[in-house]
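The values are calculated or read from the model by the stated rules, or taken from the named source; none is laboratory data. If you're wondering where the values come from, they're calculated on a predicted model, not measured in any experiment. No Cβ is skipped: glycine too gets one built from the backbone with ideal geometry, and neighbour counts run over all protein chains shown. Just so you know, the surface numbers come from the protein's heavy atoms only, side chains and all, with ligands and any DNA or RNA stripped out. Shrake-Rupley method; radii C 1.70, N 1.55, O 1.52, S 1.80 Å.
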Amino acid sequence: MSKSQKMYDNVRLMAKNNEWSETKNIEFENIIESLENVHPTKETLTNTYQHIWGYFKKICTDSERKTYVKLIVSLEPENDQLGFFLKDLTYKYQIKYLMQSRIIRELRKK
């Protein structure tokens with residue numbers, strides 16, 4: 001999602017109705033591989049982070065909410081502080097779905 005909304009939508013369609021096959025798995029791996037060298041844009045990152053933020057907006061503190069607003073307004077892919085903030089919230093609040101997501105796992109390695 002953070003690299004290409006179009007490819008994300010393609011994967012969602014592939015997974016529709018939980019009907020997965022070896023052919024779809026190969027196609028999925030090809031999509032992932034094709035995105036390895038694609039850099040997120042401000043728009044794709046904003047969309048992705050808004051999606052992630054949805055997991056926290058009802059449970060976060062006022063201070064965390066203010067930090068999120070400040071970071072999303074100033075978001076630039078070259079200097080991305082919001083991703084690390086959301087990663088920290090993911091582990092603070094133990095959101096298992098997000099902990100398993102590729103973007104959070106990649107941020108954890110940095």
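Checking Trp20 against (1) under 23 Å from Leu86 (Cα atoms); (2) without any contact (Cβ under 8 Å) to a residue 24 or more places away in the chain, which single condition isn't satisfied?
Every condition holds for Trp20 apart from (1).
Being of a type in the set (A, V, I, L, M) and in a helix (DSSP H, G or I) is the filter here; which residues of the stretch 52-63 pass it? Talk me through it step by step, then tell me what you get.
Step one: of the stretch 52-63, the residues of a type in the set (A, V, I, L, M) are 52, 59.
The answer is Ile52, and nothing else.
For the stretch 13-37, how many residues meet the condition of being of a type in the set (Ser, Thr, Tyr), outside any loop (DSSP other than H, G, I, E, B) and exposed (fewer than 10 other Cβ atoms within 10 Å of the Cβ)?
Total meeting the criteria: 1.
If we scan the stretch 54-63, do we find a residue that is over 11 Å from the mean Cα position of the chain (by Cα), among the acidic types (Asp, Glu) and modelled with pLDDT of 95 or more?
The answer is yes; a qualifying residue exists.
Let's see how each residue does on (1) in contact with a Leu (Cβ under 9 Å, 6 or more places away or on another chain); (2) open to solvent by less than 80 Å² (accessible area, probe 1.4 Å); (3) in a helix (DSSP H, G or I); (4) of a type outside the set (S, T, N, Q):
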residue	(1), (2), (3), (4)
Met7	yes, yes, yes, yes
Val11	no, yes, yes, yes
His39	no, no, no, yes
Gln50	no, no, yes, no
Arg65	no, no, yes, yes
Ile72	yes, yes, yes, yes
Ile104	yes, yes, yes, yes
